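Novice: This is the structure, below, for whatever I ask next.
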Amino acid sequence: MERIRDVEPAVGVNGDTPTMRLFALLELIATKDQFVSLHGLVEETGIPKPTLHRMLQQLEASGLLFRQADGRHYGTGTRLRRLAENLLLNSTQHGARHAVLRHLVDEVGESCNVTALSGNEVVYLDRVETPEPLRFYLRPGSRVPVHCSASGKMILSQLGPSQRRKLLAHAPLKQYTRNTITDLGLLEEELKRSRRDGFAMDDEEFLPGLICVAVLVPGGTARSNLCVAVQAPVMRLTTDKALQLLPALQRAAAAIGGIEAEGAAEPGRQNPDVADSPAS
């Protein structure tokens, strides 16, 4: 007897209007950690090929998706990434996140920040500066290279090898200091260590004299795209001392993870800290 092959049920792309169906398709594509194809989406959603092709064209024309050079694969576009970034920068959870950072700076005595991966860069979503007179000033919205920042390496460490290769292929490993890792093989080993140890370090790899250590914000069952990090001049923060700050960083990351989970569970709830929080 011929064995019956199991067939995965189609993923619904539902909505009351054409706009909401486009949005549902965009949501589906945004969950992928790789580029998608028209053929693959047809199989996954069950939407007729001509209809799905038209929907992809509309999303591409609006800048929410972009098509690779092969003409067959799609990924999230610049406009969509900027939207996601702005939501993180200006979310109702910002005030509560900022309060956690303020407490962390009081505890460790150095500048701390919350960061996220945006394209092939790391963007600062929030930051609290140390009161120390000697410091590296970076404001929310600042961007740093993914391959030579502690947060960038920490986020990269949880991606699959093929996804990392695709991301780094479009971001040459520029050398900023004599410590910058510019060899993909060496960077891969560094990322393996970061994944194993649960933290990543920037040992004067982006700016001379600057040390940074970062940990992931827990994302529940989902892969996290947020980090908490501490930065300081090397004369105040050695690599050994940075490791001693890990418990404080991990507590702050857990607190921010709880704030983000609460915001996701209750999208209509307004955070009481927002009105008193400084502008992003």
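Taken together, the values in this text are just the output of simple stated rules run on the coordinates, not laboratory data. These numbers come from a predicted model, not from an experiment. Methodologically, a virtual Cβ is constructed for each residue, glycine included, from the backbone with ideal geometry; neighbour enumeration extends over all protein chains shown.
Novice: Quick one: grab the alpha carbon gyration tensor of region 18-76, order the square roots of its eigenvalues as a ≥ b ≥ c, and give me rounded if a/c is under 1.5, else prolate or oblate depending on whether a/b is larger than b/c.
Specialist: Since a/c stays below 1.5, the shape of region 18-76 is classed as rounded.
Novice: If you average the sequence gap of Cα pairs under 8 Å that are 6 or more apart and divide by the length of region 82-270, what percent do you get for the contact order?
Specialist: It comes to 22 percent, rounded to a whole number.
Novice: Quick one: 3J(HN,Hα) in Hz for region 56-72, Karplus 6.51/-1.76/1.60 with θ = phi - 60°, rounded, Gly and Pro as x.
Specialist: After applying 6.51 cos²θ - 1.76 cosθ + 1.60, I find 5, 4, 5, 5, 5, 4, 8, x, 7, 10, 10, 9, 5, 4, 6, x, 10 Hz.
Novice: So, by mean Cβ neighbours within 10 angstrom, what's the order for 100-109, 38-47 with the highest one leading?
Specialist: 100-109, 38-47
Novice: Can I ask one more? Please work out how many pairs of lysine residues in region 82-270 are eight or more positions apart (or on different chains) and have Cα atoms closer than 18 angstrom.
Specialist: For region 82-270, the number of qualifying lysine pairs is 5.
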